[in-house]
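Structure, as structure tokens:
No value in this document is a laboratory result; all are computed from the given coordinates. Bear in mind that the values here come from a model prediction, so they are computed numbers and not experimental data. Quick reminder, even Gly has a Cβ in these numbers, built from the backbone with ideal geometry, and neighbours come from all protein chains shown.
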Amino acid sequence: MKFLYLLILLSFPLHLFAQDPSSTTEQQLEDATENNDDNETDDDSFLQQMQQFLKEPINLNTADATLLKELSILSPMQIQNLIAYRKLFGNFIDIYELQAVPGWRVRTLQRLRPFVTVNIKIQLFNSLSDRLKEGTNTILIRATQVLEKSKGYKLNASTATNFYPGSAQKLFVRYKYQYKNLLQYGISGEKDAGEQFFKGTQKQGFDFYAAHLFVTNMRIIKSLALGDFTVNMGQGLTQWQSLAFKKGSDVINIKRQLAVLRPYNSAGEVNFHRGFGITIAKNNLEATLFASYKSIDANFVADTLNNEDYISSLQTSGLHRTKSETDDKRVQQQLAFGGNIAYNKSNWHLGVNAIQYHFKLPINKQQSPYNIYAISGKNMGNYSIDYSYTLKNMHFFGEAAVTNNFNKAFVNGLVISVDSKVDMSLLYRDISSKYQSLYTNSFTENTFPNNEKGMYAGISIRPNDFWRIDAYADFYKFPWLKYLVNAPSVGADYLIEATYKPNKQLEMYVRYRTETKSKNYNPYGQIVTPVIDKPRQNLRTQINYKLNAEITLRNRVEMGWFDKKGNNAQTGFLSYADILFKPSRKKYSGNFRLQYFETEGYDSRLYAFENDVLFSYSIPVFYGKGVRYYLNVNFDINKKLSFWFRVAQTIYKDQTIVGTGLDEINGNKKTEIKCQLQYNF
């Protein structure tokens, strides 16, 4: 049946499909979710930043390297070549003059076009008083709810010890003032579904509050952060709290490059600092200092025998619904401080990074073989040197880091433009099994940089103006045990993607990916659990076509195979069709998706990016058999007030229960609605 469905979809005429201008970003977010153990991030800072660039495009005649990095589109060589070209020939007159910059492609211009300008007017220095008066105030209110009542809401509070005492709504409120990219401040509050609101354990209202003040480019003060902020240093071995992509279709985008300090006002309750930070820059020298103190969630264990209480693990879900979850709320205190000193020249960079943590209670994780080298004790620290150097058409970069106990970690990469039609990337990492860090995100196979050695190679080929071929190969090994892998293991990951874009209306690509990882496999209860290779393959086709100025259509078909020749073989299939409607000079827009999926288990699961309300996105994981649809509607009531509505429903076949534990729903449907209001003044 699924192959008949596939045949029908592929037989549709091409003019029924449409182009999505952000397809590369969508693929990157899909890959990030899959590489992060299915955990979607609540940090929408990336989406906020890109929305701000739509309102206030970056002036390429004045932007420095730090601001250009915030686009997360340009490679290090493209940024350096732009600045060098501008110094040599002066200001750009037209956006398409950028095609003369070495290393800049037509595809780069197409992705950048909405976010940049080449205004020749010189921007005068804005005083702090001007910044405080001439910006925009924004209030955003978002409510989300699953309509079907799950088991956690049905249990009787007088008899059950584990239930959801709060309402089923998830609420998020944010106020933000922003003046260009020079000043912003605000406060936000968030309540998850099942958490109480102005009663019980949440008498202060929202379960989580965040507040920030962030100023940039005030004379020698490059950035000043008060309240909540993120820190990003080096290549993510010591600290990286902002969104960063790993392996995916953008095979050349392997380097971490963002400002050290960035503001934070999202709903995520873990990956940020709370305190102050400052970056001072003078000529080629830049220095950053920061300090943070906050309470964090953890599993508290009272050791009555030795009278030494401790923490068995740190909690990162941010959920405080049940008694056990609220008992873990903010029981650990964390002090963090550190900094960065960097020297930057036109074609090279050298930086020194350090961060130190102190905890109120010692961390003592469960005694398991794979936890032998886990974080422990009351103190820990990470220190590193990072570098980059551009030589003609080659860009070298890397970071070498150590812990307090001198456990080592290395990441070294190279991006090279072979000629006008070929780019290549290489990255080697060697990270000790004993190396531990917090709030990090390096270019690794593991979620965090630990217990890994590997070599990655990527290539992007543009044989002509219509075709692009991207491919990578990644070989890695884990010298020590991992969770559910009771022995040292190896793995390999390959991807090849061919994209055809003959004009502005049509874009289509075919992608094949195969990955082999080791996994415990002991169906017969042997004394020693064998570890065997489990291969996984995916084949995807996607066609996008812009039907006219108002209607965009899109279709994807994807198939997956897990352990194809093994005893636990599974297959998966997914297909969807989208209609995106955005008329010009109208107050309304919307999009609709109809999707079918069928997999034989969780190991053959598939992912699909979903359009959502502003500053939000969804990337569900699909397994089992069913149909899903969603509808998004946006209406600009007036110039200041905008409204979004979303409804999404999944209907499972041959199931009488959806979900597990307290999230278990009787029936075969799960329906989610979301409403959002934004007021600008």
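Taking strands (runs of 3 or more DSSP E) as the structural unit, those lying wholly within the range 203-277 and holding at least 3 residues that are surrounded by 24 or more Cβ atoms within 10 Å (Cβ to Cβ) correspond to 221-233.
Are any residues in the range 552-575 of a type in the set (S, T, N, Q) and not in a strand (DSSP E or B), and if so, which ones? Within the range 552-575, ASN567, ASN568 meet the criteria. If the condition is being assigned to a strand (DSSP E or B) and among the aliphatic types (A, V, I, L, M), then the range 472-521 contributes ALA473, VAL485, VAL490, ALA492, LEU495, ILE496, ALA498, LEU506, MET508, VAL510. Checking each residue in the range 297-315 for being under 27 Å from the mean Cα position of the chain (by Cα) and in a loop (DSSP other than H, G, I, E, B) picks out ASP297, GLN315. When the range 210-258 is limited to residues that are more than 22 Å from ASP430 (Cβ to Cβ) and charged (D, E, K, R), the one that is nearest to the chain's Cα centre (by Cα) turns out to be ASP250. Restricting attention to the range 437-455, and to residues there that are in contact with a strand residue (DSSP E or B) (Cβ under 7 Å, 6 or more places away or on another chain) and of a type in the set (Phe, Trp, Tyr), which single residue is nearest to SER376 (Cα to Cα)? Ranking the candidates gives TYR439 first. Of the helices (runs of 4 or more DSSP H) contained entirely in the range 64-142, those carrying at least 2 residues that are closer than 23 Å to PHE615 by Cα fall at 65-69, 106-112. Taking the criterion of being of a type in the set (A, V, I, L, M) and touching a Phe, Trp or Tyr at 6+ places or on another chain (Cβ under 6 Å), the residues of the range 638-657 that qualify are LEU641, ALA648. Any residue that is surrounded by 24 or more Cβ atoms within 10 Å (Cβ to Cβ), in a strand (DSSP E or B), among the small types (Gly, Ala, Ser) and touching a Ser or Thr at 6+ places or on another chain (Cβ under 9 Å) - is there at least one of those in the range 283-296? Within the range 283-296 (the criterion being surrounded by 24 or more Cβ atoms within 10 Å (Cβ to Cβ), in a strand (DSSP E or B), among the small types (Gly, Ala, Ser) and touching a Ser or Thr at 6+ places or on another chain (Cβ under 9 Å)), the answer is no, since none of the residues qualifies.
Selection of the range 500-526 for residues being surrounded by 16 or more Cβ atoms within 10 Å (Cβ to Cβ) and farther than 30 Å from LYS565 by Cα yields LYS501, GLN505, LEU506, GLU507, MET508. Under the condition of being aliphatic (A, V, I, L, M), under 26 Å from ILE375 (Cα atoms) and out of contact with any helix residue (DSSP H, G or I) (no Cβ under 9 Å at 6 or more places or on another chain), the residues counted in the range 456-498 number 2.
Could you pull out the residue among SER433, SER425 that is crowded, with 20+ Cβ neighbours inside 10 Å and in contact (Cβ under 8 Å) with a residue 12 or more places away in the chain? Walk me through how you get there before you give the answer.
Values: SER433 fails: crowded, with 20+ Cβ neighbours inside 10 Å.
So the residue among SER433, SER425 that is crowded, with 20+ Cβ neighbours inside 10 Å and in contact (Cβ under 8 Å) with a residue 12 or more places away in the chain is SER425.
When the range 182-202 is limited to residues that are outside any strand (DSSP E or B) and of a type in the set (Phe, Trp, Tyr), the one that is surrounded by the most Cβ atoms within 10 Å (Cβ to Cβ) turns out to be PHE197.
Looking only at the range 522-551, how many residues end up being hydrophobic (A, V, I, L, M, F, W, C), outside any strand (DSSP E or B) and within 31 Å of the chain's Cα centre (by Cα)? If you could, list the steps in order and put the result at the bottom.
Going residue by residue through the range 522-551, those that are hydrophobic (A, V, I, L, M, F, W, C) are 527-528, 531-532, 539, 543, 547, 549, 551.
Cutting the leftovers down to outside any strand (DSSP E or B) gives us 527-528, 547, 549.
Filter once more, keeping what is within 31 Å of the chain's Cα centre (by Cα): 547, 549.
Qualifying residue count for the region: 2.
Per the conditions (1) closer than 14 Å to TYR435 by Cα; (2) surrounded by 14 or more Cβ atoms within 10 Å (Cβ to Cβ), the sole criterion not satisfied by PHE406 is (2). Every test in (1) surrounded by fewer than 17 Cβ atoms within 10 Å (Cβ to Cβ); (2) more than 14 Å from GLN235 (Cβ to Cβ); (3) not acidic (Asp, Glu) is passed by ILE416 save one, and that test is (1).
Among the residues of the range 436-477, count how many are of a type in the set (A, V, I, L, M, F, W, C) and in contact (Cβ under 8 Å) with a residue 40 or more places away in the chain.
5
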